[in-house]
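The block underneath contains the structure these notes are about, expressed in structure tokens.
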Amino acid sequence: MSLYPTGVNAIPGVKYSDSAGGFFYEDSGRLQSVTRSRFIHWTTSGDTLQLTEQSLDCNLLNNTVRIKFLNCHVLPGGVHVHETHDRVTLLILTNQTVHRIVLPHPSRMYRS
């Protein structure tokens, strides 16, 4: 039984394909929402994941983070985002394990 997705070779030293994707917030279409016209996009390259949050309405400061996984490679299509009312959870699949990152939801961060 393999712990890796079908068709992905988990041999150390093998170069995996780069990938990219995006996520938009559930309320991004609501006019009065803090997350209106905001989205997250990511790119992977080998052992590095870059996440960028962007808005079509305003400039976001400190909106990019680059994560380097030592001795691991991010698998193609291995970034998944899930949103709840108070947090955004990222699951990142590498050829060694699954990493979980939990972030506060923007609507919780910017309340007056």
Selection status of Leu51, among the aliphatic types (A, V, I, L, M) and crowded, with 16+ Cβ neighbours inside 10 Å: yes
Cross-chain or 6+ apart pairs with Cβ under 6 Å, the stretch 83-112 first and farther than 19 Å from Phe24 by Cα, then modelled with pLDDT under 85: Asn95/Ala10
Top-ranked residue in the stretch 1-25 [being at pLDDT below 75 and among the aliphatic types (A, V, I, L, M); ranked as surrounded by the most Cβ atoms within 10 Å (Cβ to Cβ)]: Val8
Qualifying positions in the stretch 85-112 - of a type in the set (Ser, Thr, Tyr) and either under 19 Å from Ala20 (Cα atoms) or at pLDDT 90 or above (or both): Thr89, Thr94, Thr97
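Yes/no matrix, rows are residues, columns are (1) in contact with a Gly (Cβ under 7 Å, 6 or more places away or on another chain); (2) in a strand (DSSP E or B); (3) open to solvent by less than 30 Å² (accessible area, probe 1.4 Å); (4) of a type in the set (Val, Ile, Thr):
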{"site": "Asp27", "(1), (2), (3), (4)": "no, no, no, no"}
{"site": "Ser33", "(1), (2), (3), (4)": "no, no, yes, no"}
{"site": "Thr43", "(1), (2), (3), (4)": "no, yes, no, yes"}
{"site": "Leu60", "(1), (2), (3), (4)": "no, no, no, no"}
{"site": "Ile67", "(1), (2), (3), (4)": "no, yes, no, yes"}
{"site": "Leu75", "(1), (2), (3), (4)": "no, yes, yes, no"}
{"site": "His80", "(1), (2), (3), (4)": "no, yes, no, no"}
{"site": "Leu90", "(1), (2), (3), (4)": "no, yes, yes, no"}
{"site": "Leu103", "(1), (2), (3), (4)": "no, yes, no, no"}
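The values are calculated or read from the model by the stated rules, or taken from the named source; none is laboratory data. It should be emphasised that the depicted structure is a prediction, and the values quoted were computed from it without experimental measurement. Note: ideal-geometry Cβ built from the backbone for every residue, glycine included; neighbour counts use all protein chains shown. The accessibility values were calculated without ligands, DNA or RNA, using every heavy atom of the protein model including side chains. Shrake-Rupley method; radii C 1.70, N 1.55, O 1.52, S 1.80 Å.
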